[in-house]
1. If you scan region 218-249, which residues turn out to be under 24 Å from G61 (Cα atoms) and modelled with pLDDT under 95?
2. Go through the residues of region 159-167 one by one and say whether even a single one is modelled with pLDDT of 95 or more, charged (D, E, K, R) and assigned by TED's automatic domain parsing to the domain that holds V122.
3. Residues that are within 24 Å of V60 (Cα to Cα) and surrounded by fewer than 23 Cβ atoms within 10 Å (Cβ to Cβ): does region 251-261 have at least one?
4. Please find, among T50, T85, T105, T90, the residue that is of a type in the set (V, I, T), touching a residue at least 40 places away in the same chain (Cβ under 8 Å) and in a strand (DSSP E or B).
5. Have a look at E364, E372, E338 and point out the one that is surrounded by fewer than 18 Cβ atoms within 10 Å (Cβ to Cβ), in the same structural domain as L306 (by TED's automatic domain parsing) and touching a residue at least 40 places away in the same chain (Cβ under 8 Å).
6. Name the residues in region 151-180 that are under 18 Å from the mean Cα position of the chain (by Cα) and either of a type in the set (A, V, I, L, M, F, W, C) or outside any strand (DSSP E or B) (or both), would you?
7. Which pairs have Cβ atoms under 7 Å, sit 6 or more apart or on different chains, and link a residue in region 386-400 that is over 17 Å from S335 (Cα atoms) to one that is in a helix (DSSP H, G or I)?
8. Checking W384 against (1) buried (at least 18 other Cβ atoms within 10 Å of the Cβ); (2) within 25 Å of the chain's Cα centre (by Cα); (3) within 18 Å of V235 (Cα to Cα); (4) of a type outside the set (A, V, I, L, M): exactly one of these is not met. Which one?
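The values are calculated or read from the model by the stated rules, or taken from the named source; none is laboratory data. Treat the numbers as computed from the prediction; the structure is a model and nothing was measured. Cβ sites come from the backbone with ideal geometry, for glycine too, and all protein chains shown count toward neighbours.
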Amino acid sequence: MALVIYNAAILALLPVLVLALIWHTWVSGRLRSSWLFHLTWRLPAIPEGTPLVWLHAASVGETRAIEGLVLKLRTRNPGLQLLMTHTSPTGHALARSLGLADHYTFLPFDFPGLPGRFIDRVRPRALILAETEIWPNLLQACRSRGVPVVIVNGRLSSRWEPFYMRLCWLYRQFLDPVELFLMQGEEDATRLLALGVPGERVKVAGDLKADRTLQVAQAEDRGNVARELGLVGPVLVAGSVHSGEHLTVIGSFARLKKEIPELKLVLAPRHMDRLAVMRRTLDELGLGHRLRSAHKTIGAESVLILDTIGELASTYLAARVAFVGGSLVGAGGHSLFEPAACACPILIGPNDQNFREESRALREAGAAVRVENEDQFCEQARLWLTDEAAVRRAGEAARRVAISLAGATDRVLDALEPLLRGRR
C-alpha cells in the first residue's frame with residue numbers, strides 16, 4: 001500500500017519533474033550527461049558472474065564518510081569488485097579521483113521500473129547505502145531480487161523526528177526491505193526503533209567519518225598545512241558556514257581583528273551559491289579576502305575563502321579555534337569530528353541536533369562551547385586565541401574525545417561480512 005501511494009505521488013509530480021529538467025537544460029545550455037545514467041539509458045558494462053558489491057553515496061560528504069570503509073573492504077575481500085553510484089556529479093568526481101571502486105555510475109531515478117532494470121544489469125551481491133538514503137522503489141526492487149540491503153553510518157535527525165513519527169506507518173513499510181541498519185549513535189538507533197523497526201536489525205556502529213578523519217589528521221603535519229595556505233599567526237577556521245550565520249562569524253572576526261591584528265580567518269561556505277553574499281559582507285566591513293580556488297595562499301589579505309572541495313578537514317589543522325556552521329541557523333549543525341580530530345577547540349551554535357551526541361561529549365570535556373550571538377562568540381574565541389594554557393587544554397580534550405569515538409570501520413565490516421560472503 002505504501003509503495004502504491006509513493007508511486008502515485010511520483011506520477012502526479014512527473015510533469016513538474018520533466019519541466020524542471022527542461023528548465024535546467026535551458027538555463028545551463030546543455031543536458032547533463034548524468035541524466036542518461038539516472039534514467040538507465042546508459043548502464044555500466046559489468047561482465048556476467050562478477051562478484052560485485054554496490055555502494056551508494058549521495059554526494060561528497062557521504063563519499064568521504066565511507067572512504068575508509070571502502071579501502072578496508074578491498075583489503076579484506078580482494079576478490080570482490082565494487083560499484084559506486086552517486087546522486088551528485090561532485091560526489092561522483094571525488095570517488096573517481098580517489099580510485100575507490102572498479103565501476104562508477106549514477107543512482108537510477110526512483111521511478112517504477114528503473115531500479116529493477118539497473119539491478120538486473122549489474123547483479124550485485126549486496127547494496128550498501130551510506131547514511132539514511134531511503135528510495136522505496138529501489139529497496140523493493142532489491143528485495144524482490146534477493147539482494148540484501150544494509151544502511152551504514154545511518155542517522156535520523158531529531159529535526160525530522162516529528163515528520164517520521166506522523167508518517168511512521170508509511171515510513172516503516174519503506175524501511176522494511178533493509179536487512180541491517182548500522183547507526184551512528186544511540187539516539188539514531190532509538191529513533192529508528194520508535195518507528196517500529198525490529199531491534200535485531202538495528203545496531204550502533206559509530207560514525208565512519210571518525211576513523212578516516214582521525215587517520216588523516218594524524219598523518220598531516222600542522223605546520224605544513226598552514227604554510228601551504230600561507231597562514232601565519234593565529235587562525236580562526238569557520239567551516240560549513242550557512243547564509244545568515246556568516247554575519248555573526250564575519251562580524252565577530254572583524255571585532256577580534258581589532259584586538260589581534262595578526263588574526264586570520266578561513267571561511268568555508270556550506271553552499272557555494274551563497275559565496276557572493278558572503279564576499280559582499282566582507283567588502284562592507286573592509287576585510288580583504290582571496291578565494292582558495294584562485295590563489296594557493298592567502299597573501300596579505302585577512303580572509304581566505306575555502307571554495308574548494310575536500311580541503312576543509314585538513315585545514316582545521318591550521319586553526320587555533322574552529323567554528324562549525326549550520327548551528328547558528330536552523331540547519332541542525334554539521335559534524336564536529338573534523339576539528340576535534342585536529343585537536344582544535346570548537347565554537348558551535350545552539351542548533352546542534354544533527355550531532356547532539358558528539359556535541360555533548362565535546363562540551364562535557366571542555367573542548368567545545370555553545371555561543372548564540374556575536375558577543376558570546378567573541379568572548380570565547382578571545383579566550384582561546386590569547387590563553388595558551390586554555391587552548392592547549394581544550395585541544396587535547398577534543399583529541400581525546402575524537403579517539404574515543406573511533407573504531408566504527410571495523411565494527412561495520414564485521415557486521416557486513418556474513419552478507420558479503422553470501423551467508424544471510
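1. Q218, A219, E220, D221, R222, V225, A226, E228, L229
2. Going through region 159-167, the residues modelled with pLDDT of 95 or more turn out to be none.
No; the residues of region 159-167 include none that is modelled with pLDDT of 95 or more, charged (D, E, K, R) and assigned by TED's automatic domain parsing to the domain that holds V122.
3. We begin by selecting, within region 251-261, every residue within 24 Å of V60 (Cα to Cα); these are none.
No, because not a single residue in region 251-261 is within 24 Å of V60 (Cα to Cα) and surrounded by fewer than 23 Cβ atoms within 10 Å (Cβ to Cβ).
4. Values: T50 fails: in a strand (DSSP E or B); T85 fails: touching a residue at least 40 places away in the same chain (Cβ under 8 Å); T90 fails: in a strand (DSSP E or B).
The conditions single out T105.
5. Values: E364 fails: touching a residue at least 40 places away in the same chain (Cβ under 8 Å); E338 fails: surrounded by fewer than 18 Cβ atoms within 10 Å (Cβ to Cβ).
That would be E372, the only listed residue that is surrounded by fewer than 18 Cβ atoms within 10 Å (Cβ to Cβ), in the same structural domain as L306 (by TED's automatic domain parsing) and touching a residue at least 40 places away in the same chain (Cβ under 8 Å).
6. Of all residues in region 151-180, those under 18 Å from the mean Cα position of the chain (by Cα) come to 151-160.
Residues satisfying the conditions are I151, V152, R155, L156, S157, S158, R159, W160.
7. Final answer for the pair search is A390/L383; A390/W384; V391/W384; A394/W384.
8. Among (1) buried (at least 18 other Cβ atoms within 10 Å of the Cβ); (2) within 25 Å of the chain's Cα centre (by Cα); (3) within 18 Å of V235 (Cα to Cα); (4) of a type outside the set (A, V, I, L, M), the lone unmet condition for W384 is (2).
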